[in-house]
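Engineer: Got a structure here, written out as structure tokens. Questions coming.
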Amino acid sequence: METTLIIFKPDAVQRGLMGQIMTRFENKGLKVVGAKLMQISQDLASTHYKDHQGKPFYDGLVGFMTSSPVMVLALQGNNAIAVCRKMMGATFGSNAESGTIRGDFGVSNSFNLIHGSDSPEAAEREIGLFFNDGEILSYDRAIEGWVYDMSGGEPE
Ligand code: IDP
Ligand code: MG
């Protein structure tokens, strides 16, 4: 089971799309193990996006991410990192496939609604950045045995 860090960016919160986007992840069967509304600080935004420092869009990106509250989620599931990236779609709303979150809800390249970790290393680092100890919860879901085939002892 993987856990990935998802951010509903300021445009998603301001446009009232949190519920609709969350519903897609819940419908998929992903388990919410962390969730909070927060204001990202300048420091946190620059640490989170450190790999993009120096790029032409970097200052705008940090300005955008710190401009208004975001909702951060930790989602758990089989292959969750790749599954969420696929559900998000390509980076730019203008060319993201229909059926994806970015493809269905936006047309902007900068305001693209959602962030998702892109590797297990990134997921671990980002969950550590956005969640404190005790904010990632471990619990059983009654539906688990219908989301996954558990007949072999492991979720399939
Ligand atoms: P990703 O979010 O799909 O992983 P990255 O290339 O990691 O895309 O870029 C991080 C974020 O930076 C994007 O989600 C988007 O908000 C912003 N961004 C990336 N490239 C551009 C650009 O060319 N113009 C404006 N914003 C960009
Ligand atoms: Mg990225």
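Engineer: What are the ³J(HN,Hα) values, in whole Hz, obtained from phi via the Karplus relation 6.51 cos²θ - 1.76 cosθ + 1.60 with θ = phi - 60°, for each residue of the range 59-73 in sequence order, with x given for Gly and Pro?
Structural biologist: Values per residue, Gly and Pro as x: 4, x, 5, 5, x, 4, 5, 9, 7, 6, x, 10, 10, 9, 10 Hz.
Engineer: Now for a different question. Give the total of Lys-Lys pairs in the range 27-151 with Cα-Cα distances below 27 Å; include a pair only if its members are 8 or more places apart or on different chains.
Structural biologist: Working: LYS28/LYS36; LYS28/LYS86; LYS31/LYS86; LYS36/LYS50; LYS36/LYS86; LYS50/LYS86; LYS55/LYS86.
So the count works out to 7.
Engineer: Gain in length, GLN42 to SER108, computed as 0.36 nm per residue apart minus the alpha-carbon separation, to one decimal in nm? Walk me through the numbers on the way to the answer.
Structural biologist: Details: separation 66, 0.36 × 66 = 23.76 nm, distance 2.27 nm.
Using 0.36 nm per residue and subtracting the Cα-Cα distance, I get 21.5 nm.
Engineer: Another question, if that's okay. Whenever you get a sec, compute what percent of the accessible area on the chain sits on carbon and sulfur atoms (1.4 Å probe).
Structural biologist: The computed percentage sits at 50.
Engineer: Let me ask something else. Quick one: how many Å² of ASP149 are accessible to a 1.4 Å probe, rounded to 10?
Structural biologist: So the heavy atoms of ASP149 present about 80 Å² to solvent.
Engineer: Taking the Cα atoms of the range 16-95, what is the range of coordinates along each of the three principal axes, in descending order and whole Å?
Structural biologist: 37, 28, 23
Engineer: Report ³J(HN,Hα) in whole Hz for each residue of the range 112-120, in order, from the Karplus equation J = 6.51 cos²θ - 1.76 cosθ + 1.60 where θ = phi - 60°; Gly and Pro get x.
Structural biologist: Listing the rounded values in order: 10, 6, 8, 10, x, 3, 10, 7, x Hz.
Engineer: How far is it, in nm, from the label point at ILE136 to the one at SER67 when both lie 7 Å from their Cα along the line to the Cβ?
Structural biologist: 3.1 nm
Engineer: Dividing the Cα radius of gyration by the Kirkwood radius, what Rg/Rh value follows for the chain?
Structural biologist: Working: Rg = 15.7 Å, Rh = 16.2 Å.
Rounded to two decimals, Rg over Rh is 0.97.
Engineer: Roughly what would the spin-label model give for VAL147 and GLN53, points 7 Å off Cα along C-beta, in nm?
Structural biologist: Calculated label separation equals 3.7 nm.
Engineer: Compute the distance from the alpha-carbon center of the range 1-33 to that of the range 82-156, in whole Å.
Structural biologist: With the range 1-33 and the range 82-156 each reduced to a Cα centre, they are spaced 7 Å.
The values are calculated or read from the model by the stated rules, or taken from the named source; none is laboratory data. Computed from a predicted structure; not experimentally measured. With ideal geometry, Cβ positions are generated from the backbone for all residues, glycine too; neighbour counts draw on all protein chains shown. These accessible areas exclude ligands, DNA and RNA; they are computed on the full protein's heavy atoms, side chains included. Shrake-Rupley method; radii C 1.70, N 1.55, O 1.52, S 1.80 Å.
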